[in-house]
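A quick write-up on the structure given underneath.
The values are calculated or read from the model by the stated rules, or taken from the named source; none is laboratory data. This structure is a prediction, so every number in the text was calculated from the model and none was measured. Because the Cβ atoms are built from the backbone with ideal geometry, glycine has one as well, and the counts that use them run over all protein chains shown.
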Amino acid sequence: MTSNVFPALGRLPDLARAGIDGLRTTDPDLYRMLEAEYRRQTDTLVMVASCSVVDPSVLVCSASPAVNVTAEGYPGRRFHAGCAQVDEIEQLAIDRACALFGARYANVQSHSASVANEAVLAALMRPGDPLLGMELRQGGHLTHGAPASMSGQLYDAHGYGLGPDGGIDYDQVRSIAHQVRPKVIVCGATAYPRAVDFRRFREIADEVDAMLIADISHIAGLVAAGRHQNPIDHAHLTTTCTHKQLFGPRGALILSGRDWDRPVGGTTLAARIQRAIFPLFQGAPAVNTIAAKACALGRCATPAFAELAGRIADDARALADAFGRLGYTVVSGGTDNHIVLLDLTPLGISGLVAEKALESAGIIVNKNHIPADPRPSAVTSGLRIGTNTLAARGARPADMSRCAGLADRVLRAVQPVDDRDHVLDPCIRAEVNAEVVELCRAWPLPGYPAG
Ligand SMILES: *Cc1c(COP(=O)(O)O)cnc(C)c1O
């Protein structure tokens with residue numbers, strides 16, 4: 001009987017068990033740290049907008065023997081032997097990425113979205129060329145032209161921002177574009193609670209003959225599930241990380257739709273991107289991570305994921321409403337995606353103080369700039385809160401007033417010493433933390449044994 005069952009499982013379970021046993025006996029310190037991190041994740045309410053939680057099946061891909069393969073190049077065109085299986089794995093990831101987003105071209109090798117963005121910019125521009133992206137302080141990403149990143153140092157970067165309603169000021173985008181004639185316009189954001197109109201960005205890009213890159217790192221799950229406009233055929237290229245809303249491993253995808261074979265620099269756009277990732281920016285791909293991307297992308301194509309993505313957005317709207325009812329200033333007045341941005345100015349506490357006080361009670365969020373924030377980025381005046389992990393744990397819109405209420409009890413009680421330090425009544429901290437732990441028991445991380 002067993003011989004019919006176990007051959008189907010193969011040797012991976014034994015390998016995983018041997019790895020756990022070996023780590024525990026040969027490196028108990030590291031084992032203890034990893035166990036402690038596991039416990040931290042199960043016993044805190046993670047509401048960091050850039051976080052999600054991968055399924056154990058995705059974890060297992062990351063830890064599979066595919067990690068041992070050196071596979072410089074692309075499927076069918078490697079610089080090393082022994083790549084037949086990993087060719088299949090990478091092709092599967094490519095096919096699933098194209099199917100999920102309706103793309104004609106996908107590169108699944110980039111190690112992070114930052115690398116993907118820098119590679120895409122390098123493929124399309126020369127140093128000194130004008131670039132137009134969303135200002136970091138208005139919600140854009142470092143790699144969209146901020147001075148601290150290569151994108152801001154290598155190119156002549158210009159920024160657009162928000163209008164008075166907290167939405168992107170498309171008229172400003174158009175007028176700056178006509179003024180600076182950028183080679184590339186980047187849209188998409190890292191701390192922007194509203195929907196992005198990719199069609200409108202493409203109209204502007206076409207007016208000034210610029211290439212359009214849509215970076216959907218934060219909203220890729222909503223796009224995949226049809227809950228946000230899909231940029232694939234509006235942007236020339238779409239980039240996304242795989243570890244935020246796709247619930248996958250740390251890494252990224254570069255995608256293209258109808259413009260994939262458009263001529264660029266004597267070749268096609270797709271061929272140009274292939275070379276930009278390897279060999280311009282990276283060496284051999286992390287094949288184990290590509291397997292994990294394939295696994296996550298497969299899960300994103302299921303009805304269960306569509307339901308989850310819908311609930312992520314519904315939860316966020318309910319959370320924004322709940323904070324509004326508690327008297328908080330919600331930036332832009334609400335949300336269209338998974339992000340709720342709070343302006344803490346009326347409370348008189350910095351984002352850093354709020355973040356630290358909440359963490360001490362088991363609520364994990366991150367400090368964030370608000371529009372026109374006077375404080376530096378290590379301090380800020382706002383909080384960014386996201387619903388990816390809460391929704392994955394099973395939380396529903398009706399549960400959001402309880403989550404907002406827990407955060408409110410801490411934020412109302414916290415006494416700032418200055419912008420960095422605070423005092424919090426230990427009784428309130430303990431009370432809130434006890435409720436957080438109770439909620440974490442009621443909403444276990446899906447697939448992660450607790451206890
Ligand atoms: C998080 C993020 C990135 C960077 O992703 P990494 O994989 O961490 O480098 C890029 N762009 C946007 C819009 C992001 O939100």
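So here's what we get for this one:
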{"quantity": "Test for Asp87: is it assigned by TED's automatic domain parsing to the domain that holds Asp259, farther than 23 Å from Val223 by Cβ and of a type in the set (Asp, Glu)", "calculated": "yes"}
{"quantity": "Unmet criterion (only one of (1) within 20 Å of the chain's Cα centre (by Cα); (2) under 17 Å from Thr239 (Cα atoms)) for Arg137", "calculated": "(2)"}
{"quantity": "Subset of the range 195-247 (residues that are within 11 Å of the ligand (Cβ to nearest atom) and over 21 Å from His111 (Cα atoms))", "calculated": "Val196"}
{"quantity": "Qualifying residue in the range 99-113 (condition: small (Gly, Ala, Ser), within 16 Å of the ligand (Cβ to nearest atom) and surrounded by fewer than 20 Cβ atoms within 10 Å (Cβ to Cβ))", "calculated": "yes"}
{"quantity": "Arg250 being surrounded by fewer than 23 Cβ atoms within 10 Å (Cβ to Cβ), more than 10 Å from the ligand (Cβ to nearest atom) and among the basic types (Lys, Arg)", "calculated": "no"}
{"quantity": "Answer residue from the range 176-194, given it is more than 14 Å from the ligand (Cβ to nearest atom) and of a type outside the set (Lys, Arg) and is farthest from Leu246 (Cα to Cα) among those", "calculated": "Gln179"}
{"quantity": "Residue that is surrounded by the fewest Cβ atoms within 10 Å (Cβ to Cβ), among those in the range 133-160 that are part of a loop (DSSP other than H, G, I, E, B) and more than 15 Å from the ligand (Cβ to nearest atom)", "calculated": "Pro147"}
{"quantity": "Selection count, the range 39-67, where residues are part of a helix (DSSP H, G or I), farther than 30 Å from Cys83 by Cβ and among the polar types (S, T, N, Q)", "calculated": "2"}
{"quantity": "Check on Glu88, among the acidic types (Asp, Glu) and more than 16 Å from the ligand (Cβ to nearest atom)", "calculated": "yes"}
{"quantity": "Helices (runs of 4 or more DSSP H) fully within the range 227-333 counting 2 or more residues that are acidic (Asp, Glu) and touching a residue at least 24 places away in the same chain (Cβ under 8 Å)", "calculated": "303-325"}
{"quantity": "The one condition in (1) more than 16 Å from Tyr74 (Cβ to Cβ); (2) in a helix (DSSP H, G or I) that Ala93 fails to fulfil", "calculated": "(1)"}
{"quantity": "Verdict on Ala430 being within 22 Å of the chain's Cα centre (by Cα) and more than 16 Å from Thr345 (Cα to Cα)", "calculated": "no"}
{"quantity": "Residue list for the range 399-446, filter: outside any helix (DSSP H, G or I) and of a type in the set (Val, Ile, Thr)", "calculated": "Val414, Val417, Val423"}
{"quantity": "So Arg262, is it within 23 Å of Ala205 (Cβ to Cβ) and surrounded by fewer than 17 Cβ atoms within 10 Å (Cβ to Cβ)", "calculated": "yes"}
{"quantity": "Some residue of the range 79-86 being outside any helix (DSSP H, G or I) and at pLDDT below 95", "calculated": "yes"}
{"quantity": "Every pair of residues 6+ apart whose Cβ atoms lie under 6 Å, when the first sits in the range 197-219 and is among the hydroxyl-bearing types (Ser, Thr, Tyr) while the second is within 16 Å of the ligand (Cβ to nearest atom) and outside any loop (DSSP other than H, G, I, E, B)", "calculated": "Ser217/Ala113; Ser217/Thr240; Ser217/Cys241"}
{"quantity": "Selected residue (only one of Ala214, Ala224, Ala205 is farther than 26 Å from Pro164 by Cβ and aliphatic (A, V, I, L, M))", "calculated": "Ala224"}
{"quantity": "Lone unmet requirement of (1) crowded, with 21+ Cβ neighbours inside 10 Å; (2) touching a Leu at 6+ places or on another chain (Cβ under 9 Å); (3) not charged (D, E, K, R) for Met125", "calculated": "(1)"}
{"quantity": "Enumeration of residues in the range 97-115 that are within 18 Å of the chain's Cα centre (by Cα) and part of a loop (DSSP other than H, G, I, E, B)", "calculated": "Val108, Gln109, Ser110, His111, Ser112"}
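Residue by residue, here is whether (1) over 30 Å from Ile232 (Cβ atoms); (2) under 22 Å from the mean Cα position of the chain (by Cα) holds:
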position	(1), (2)
Thr26	yes, no
Arg40	yes, yes
Ala66	no, no
Arg77	no, no
Glu88	no, no
Asn117	no, yes
